[in-house]
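A.B. asks: Attaching a single structure in structure tokens format; questions to follow.
The values are calculated or read from the model by the stated rules, or taken from the named source; none is laboratory data. These numbers come from a predicted model, not from an experiment. Cβ coordinates were reconstructed from backbone atoms using ideal geometry, including for glycine residues, and neighbour counts include every protein chain displayed. With ligands, DNA and RNA removed, areas are computed over all heavy atoms of the protein, side chains included. Shrake-Rupley method; radii C 1.70, N 1.55, O 1.52, S 1.80 Å.
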Amino acid sequence: MKLSALGRIALATGIAVLTTGVLPSPAHAAAAPVKKKILPVLVEFSDASFQYPDKVKASTPDTYFGAKKDSVTSFLSEVSRGQYTMVPAVKEQFVGPIKLPMKAGGCDHGQINTLTRAELTKRGLVEGKDYDSLSMVFPAQKTECFWAGLATVPGGTTWINLYGTASGLDVVGHELGHNLGFAHQGRLVCTGGKLTACKSDGGSAKTIMGGGGWVSGFSAPELIRAGWLSGSATLKVTKSGAYTLRSLHGVGSGTRALDIALGKDRLVIEYRHAAGSLDAKIEGVHAYRVPKGAYGSSSIIDTTVKNKEAADADAIKTLTDKTNKVSVAVVSSGGGQARVKVALNGESLSAVEATPTKTATPSPKATGASPSASASTEAKVEVETGGSEPVTETSSGTDLAATGTLSSTLPLAAGGGAALLAAGAGVLVLRRRRKRA
Ligand SMILES: [Zn+2]
């Protein structure tokens, strides 16, 4: 599908254009979930088969569609708060193993894709009608692939280079995150909270896209990118004030992200707290820099150098950006709620506190069941990233939204999320673009 005119303008000028487009109604979040049909296909080579095919056959439906919390469907339903999930494309839940007429060596993922799709066509399975997303799972032993998973960004194709007998959500969920348009999430070390002097260093550990594993879900910028923080869930801050945030994940209403202009970039603030099966080990207010409105390509802003094992290790207290005249200070944080002051246009944070309309609620706890109430006067402009036709971050300009016709492939180092951090920036450098016929 080609991008609409609105989509093309948005690509050229950033997210602000889309905010003047279709604003979601309050009922948006309660609408029926988007359901994408995913087709896992077990693939073997002329010279390599699964070592334990029965175990792989048993684990595949479990990984993708199982009732447990760490299946693809459970995870996507939970992290999108019921707005998005995946369903089996075929009654049997997966296809295969099918033997491709190619050798495993050389890791020719393009050929694996071409031959797998040809076999599916023979079997009468049509992309776009019978399935939206194709996930090819193959034995790793002879492929020489240096990654555990690969994906189109965005798109509907994933490759799983399977070691052992089950691919697991940390790999498959990460790759499906790429399909949603998410890059790897990095870390900007900005010691002392000064945003004008930051160094890039490693992954964020706050999302499955940044080495955090599935138990961290996705971060606020990614949820905005996916269109899952629409309505009052995202507050676009256009005036200095004190704002109340509820936890990013979990059921209920309230503001989950602050979205602030930082020159041509955006600054997204979230509050993380254990909710459901997510964030058991993440606590506190976190900040992300979004380059030029590309919400899928954000980096966490890390202001400390302390022990990264603590739940609140990367939580911010203050941020200052003298160039863009923005200051942020956390007033309180904990117990499922945080209060954050934002000063724009060079105004002082202490003046924000003195503003009567913003200090009517001295304690964040006092806002009780309506945590967004204090910010309601600001909540008129929300960020909408395009719903079913997401803005893409690839910049070629042609046929960007067509599933799979243009892709960046991002390798994930063998071993899943933890290894992503170990591989460090090298993984990001290996990003490459290719055009498939
Ligand atoms: Zn990746």
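A.B. asks: Do you know which residues across segment 253-271 are basic (Lys, Arg) and open to solvent by 10 Å² or more (accessible area, probe 1.4 Å)?
C.D. replies: Going residue by residue through segment 253-271, those that are basic (Lys, Arg) are 256, 264, 266.
264, 266 - these are the residues of segment 253-271 that are basic (Lys, Arg) and open to solvent by 10 Å² or more (accessible area, probe 1.4 Å).
A.B. asks: Another question, if that's okay. Quick one: residue 110 ticks every box in (1) crowded, with 16+ Cβ neighbours inside 10 Å; (2) at pLDDT 95 or above except a single one, so which number is it?
C.D. replies: Residue 110 satisfies all of (1) crowded, with 16+ Cβ neighbours inside 10 Å; (2) at pLDDT 95 or above except (1).
A.B. asks: Those residues that are part of a strand (DSSP E or B), open to solvent by less than 40 Å² (accessible area, probe 1.4 Å), over 16 Å from residue 218 (Cβ atoms) and touching a residue at least 60 places away in the same chain (Cβ under 8 Å), I need them from segment 272-303; list them, please.
C.D. replies: Within segment 272-303, 301, 302 qualify.
A.B. asks: For segment 150-176, what are the residues that are under 19 Å from residue 202 (Cα atoms) and open to solvent by less than 10 Å² (accessible area, probe 1.4 Å)? Let's see the steps before the verdict.
C.D. replies: Applying the first criterion (under 19 Å from residue 202 (Cα atoms)) to segment 150-176 yields 170-171, 174-175.
Of everything in segment 150-176, those that are under 19 Å from residue 202 (Cα atoms) and open to solvent by less than 10 Å² (accessible area, probe 1.4 Å) turn out to be 174, 175.
A.B. asks: OK, next. With the condition being without any contact (Cβ under 8 Å) to a residue 60 or more places away in the chain, in contact with a strand residue (DSSP E or B) (Cβ under 8 Å, 6 or more places away or on another chain) and not β-branched (Val, Ile, Thr), I'd like the strands (runs of 3 or more DSSP E) fully within segment 37-146 carrying at least 3 qualifying residues.
C.D. replies: Because the criterion is at least 3 residues that are without any contact (Cβ under 8 Å) to a residue 60 or more places away in the chain, in contact with a strand residue (DSSP E or B) (Cβ under 8 Å, 6 or more places away or on another chain) and not β-branched (Val, Ile, Thr), the strands (runs of 3 or more DSSP E) in segment 37-146 that meet it are 95-99.
A.B. asks: Can you tell me which residue in segment 177-199 is farthest from the ligand (Cβ to nearest atom), limited to those that are open to solvent by less than 10 Å² (accessible area, probe 1.4 Å) and part of a helix (DSSP H, G or I)?
C.D. replies: That would be 193.
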